[in-house]
1. Return one number: the angle in degrees, 0 to 90 and rounded to the nearest 10, between the long axis of the Cα atoms of helix 84-105 and the longest principal axis of the Cα atoms of the chain.
2. About the Cα centre of the chain, what is the dipole size in debye to 20, counting +1 per Lys and Arg Cβ and -1 per Asp and Glu Cβ, all else neutral?
3. With unit charges on the beta carbons (Lys and Arg positive, Asp and Glu negative) and the dipole taken about the Cα centre of the chain, which residue among Asn139, Thr2, Phe22 sits farthest to the positive side?
4. Using 10 Å bins from zero, what percent of all Cα-Cα pairs in the range 68-141 falls into each bin?
5. Which of the aspartates and glutamates could a cross-linker bridge to Lys41, judged by Cα under 17 Å and excluding same-chain residues fewer than eight apart?
6. Treating the angle as unsigned and between 0 and 90°, give the value, to the nearest 10°, between the Cα long axis of helix 115-150 and the longest Cα principal axis of the chain.
7. Which entries in the list Lys99/Lys166; Lys62/Lys85; Lys30/Lys99; Lys99/Lys119; Lys55/Lys130; Lys55/Lys85 go over 23 Å, if you measure between the two C-alpha atoms of each?
8. If you line up the long axis of helix 2-57 against the longest principal axis of the chain, both from Cα atoms, how many degrees apart are they, to the nearest 10?
Amino acid sequence: MTYFLIVLAVVIIWLILAYNGFVRLNNRVKEAWSDIEVQLKRRYDLIPNIVESVKGYAGHEKGVFEKVTEARTRAMNADASGDPKAIAQAENMLSGALKTLFAVSENYPSLRATENFQKLQDELSDTENKIQASRRFYNGNVRDFNTKVETFPSNLIAGMFHFTTKEFFDIDEKGPEGQPVQVKF
C-alpha cells in the first residue's frame, strides 16, 4: 500500500510539473508574440511618415505609394486576426512594397540627403531588425512548446489538457520579401 501511495504521489507531482511546464512555455510564446506585435505597430506608425517624405520628391510615383498604403492596411488588418500565417503573408507583401518605395527613393539623391528622410529610414531599418529578432525569439519559443507537445510522455499531458502546437511566424522566401526589387520608369 505504501509503494502504491508513493507511486501515486510521484505521478501526481509529475503531472503538476508537466502541466506547469506547458503553461510556462505557452506564456513565453504569448510574450514573444506580443514583442512581434509591438514592433509591427512601430513599423506601421513609421510607414506613413516615410511615404509622405518620398511623396514630396517623387509625386509621379503614385502607384508605389498606393501599393505601400494598401499593403500596410492589409498587414494591420491581418495583425488584428492574430493568425501568424496570415500575418506573415501580409508582412511579406508589406516588405516587398517597402523595398519598392526605397528603390524609388534611390533615384532622388536630394531626398536621400535630407535629414528627416534619413532618420525615418534608419528608424525603419532598426524596426525591421527588431522584428527579425522578435520573430526568432517567438519561433524559438514555439519550437520549444511544440517539441514538448509532440514528445513522449509530455504529449500525454498535452492531450489531456488540450495543448496544441503553435504556428511559426515564417517569411516566404519565394514571396516578395525574398525577391529583388525592380523599379521601372
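1. Roughly 20 degrees, rounded to the nearest 10.
2. Here the size comes out at about 200 debye.
3. So the residue furthest toward the plus end is Thr2.
4. Calculated over all Cα pairs of the range 68-141, the distribution is 18, 43, 29, 10, 0 percent.
5. Glu31, Glu70, Asp79, Asp83, Glu91, Asp122, Glu123, Asp126, Glu128
6. That helix lies at roughly 20 degrees to the long axis.
7. Violating the 23 Å Cα-Cα cut-off are Lys99/Lys166; Lys62/Lys85; Lys30/Lys99; Lys55/Lys130; Lys55/Lys85.
8. 10
Read the figures in this text as sums done on the coordinates, not as results from a lab. Predicted model, so just to flag it, every value in this text is computed and none were measured. Methodologically, a virtual Cβ is constructed for each residue, glycine included, from the backbone with ideal geometry; neighbour enumeration extends over all protein chains shown.
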